């Protein structure tokens with residue numbers, strides 16, 4: 001902390017929250033003061049006064065809550081000797097440079113480091129801040145507000161995900177600097193945070209192999225296998241097992257005989273070069289693969305996490321095959337995965353804006369959109385709103401409307417959708433609804449473990465609700481007749497998540513669309529007859545060029 005920082009109010013949110021000024025801990029109205037500052041600092045946006053009042057005093061009349069809020073702000077600013085709040089867009093924000101917050105500083109540095117850009121802190125300070133971030137976020141901060149408690153839980157979950165990624169990158173940098181013991185300590189911190197992370201175990205084995213410590217390589221793999229068997233009833237993935245065998249051999253070989261080209265899972269994961277595009281609602285995480293003539297943007301459904309998706313051997317294999325001939329863009333829409341969380345329901349327009357921001361950031365003028373499931377409506381929206389940016393559409397297992405209507409009977413009624421959403425949220429810690437999304441994989445232990453990990457890391461329950469509420473309310477039927485780009489619709493006959501008739505409806509109402517009916521029941525495009533899906537996609541994207549050559 002520098003002199004400028006020390007002159008400001010300091011809010012520490014790792015461990016029990018504290019407010020301090022000039023090194024002295026302040027004693028304002030304690031928990032509600034901490035709660036108000038924490039909410040404004042971590043949300044980093046204008047918050048309406050009535051929202052803050054309801055958050056802090058949920059059981060009082062709205063007018064009383066606003067009065068108490070004014071009194072609380074007055075008392076704190078009087079004690080601190082200056083204005084800490086400012087009005088913006090009808091709400092309250094923290095005044096510029098009024099407050100330094102350890103959690104905000106950590107988020108800024110971590111997101112920069114994860115994106116492989118300069119974190120803006122000396123390395124030693126970065127390590128200290130990361131170690132501090134391993135403490136519980138907002139520990140013990142509760143004052144009888146269910147709304148606030150739910151927000152805290154969401155913040156803790158998102159912090160855990162960011163911290164895990166930060167520890168991975170920090171360990172890589174420590175290893176590059178030659179601080180191997182520190183790198184080992186950092187990886188062990190990550191494993192305490194997520195004892196089921198196969199990439200973390202591979203990273204730990206890799207450090208042991210470089211030290212020619214075959215015993216630790218063996219012990220680490222056994223730890224991984226025991227953790228997965230105990231929690232999920234499955235064994236490590238084939239990629240993790242292959243990495244273990246290669247690293248064990250490396251550890252047992254003389255240094256000169258070590259093979260640097262062995263394909264470990266750590267190197268596979270590192271192949272995804274994560275970048276962040278700035279969208280109107282926050283940062284959007286994306287990565288590009290390949291350097292082909294045509295660009296294909298893979299637009300996922302309601303849940304995604306590009307790093308964890310990359311760990312799936314089958315999905316990664318398909319993306320790598322696609323990238324052999326094309327430039328492939330994968331991303332997480334706002335609200336899920338590595339991207340910024342939503343502050344309001346996610347709309348198809350917002351998802352379309354995310355893709356537009358990625359195209360701008362990556363310098364891509366035109367792209368084919370592969371809209372899977374809920375990614376379809378956003379792809380259609382972008383094709384109509386920015387036709388010059390879209391070469392064509394491929395819609396897999398998708399729909400035009402998220403909920404049922406009299407003239408659209410192929411979706412759940414709004415009430416049934418909400419019940420399904422709540423059931424999904426309740427089962428969020430495990431392989432929720434895998435029997436609906438991919439019946440062939442419902443009894444496969446490895447698939448269940450991967451899906452559970454995907455769900456846990458992709459979104460918090462609160463963020464998931466916002467994304468699904470956007471899907472429930474989505475309706476792009478009026479846009480279908482305005483699509484002018486070449487369109488391919490793929491749909492499996494036995495899809496339980498999105499009915500086959502929804503795909504037929506898309507093909508019928510988009511002029512010139514080609515419809516391909518696929519056999520099978522999985523809603524996941526990379527499951528079952530994935531070779532057929534890839535062949536249809538590739539042939540469709542390449543058809544215009546082939547026609548020109550002919």
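With respect to the conditions (1) surrounded by 22 or more Cβ atoms within 10 Å (Cβ to Cβ); (2) part of a loop (DSSP other than H, G, I, E, B), residue 491 lacks only one, and its number is (2). Scanning the range 441-465 for residues that are without any contact (Cβ under 8 Å) to a residue 40 or more places away in the chain and either part of a helix (DSSP H, G or I) or surrounded by 21 or more Cβ atoms within 10 Å (Cβ to Cβ) (or both) gives 447, 451, 456. Restricting attention to the range 376-399 and to residues that are in a strand (DSSP E or B) and within 24 Å of residue 527 (Cα to Cα), the residue that is farthest from the chain's Cα centre (by Cα) turns out to be 392. Of the residues making up the range 109-135, those that are surrounded by 15 or more Cβ atoms within 10 Å (Cβ to Cβ) and under 16 Å from residue 42 (Cβ atoms) are 109, 110, 111, 129, 132, 133.
Given the criterion surrounded by 15 or more Cβ atoms within 10 Å (Cβ to Cβ), at pLDDT 95 or above and within 23 Å of residue 407 (Cα to Cα), identify the matching residue among 502, 517, 511.
None of the others qualify; the one that does is 502.
For residue 478, the criteria (1) modelled with pLDDT of 95 or more; (2) surrounded by 18 or more Cβ atoms within 10 Å (Cβ to Cβ) hold in every case but one, which is (2). What is the number of the single condition among (1) within 18 Å of residue 502 (Cα to Cα); (2) touching a residue at least 60 places away in the same chain (Cβ under 8 Å); (3) in a helix (DSSP H, G or I); (4) touching a helix residue (DSSP H, G or I) at 6+ places or on another chain (Cβ under 7 Å) that residue 436 does not meet? For residue 436, the failing item is (4). Go over the candidates 289, 207, 315 one by one and state the one that is at pLDDT 85 or above and closer than 30 Å to residue 417 by Cα. Answer to the selection: 315. Looking at the range 48-138, the helices (runs of 4 or more DSSP H) lying wholly inside it that each contain 2 or more residues that are in contact with a helix residue (DSSP H, G or I) (Cβ under 9 Å, 6 or more places away or on another chain) and under 22 Å from residue 278 (Cβ atoms) sit at 102-114.
The values are calculated or read from the model by the stated rules, or taken from the named source; none is laboratory data. Note that the structure is predicted; figures quoted are calculated from it, not measured. All Cβ positions, even for glycine, are placed from backbone atoms using ideal geometry, and neighbour counts span all protein chains on display.
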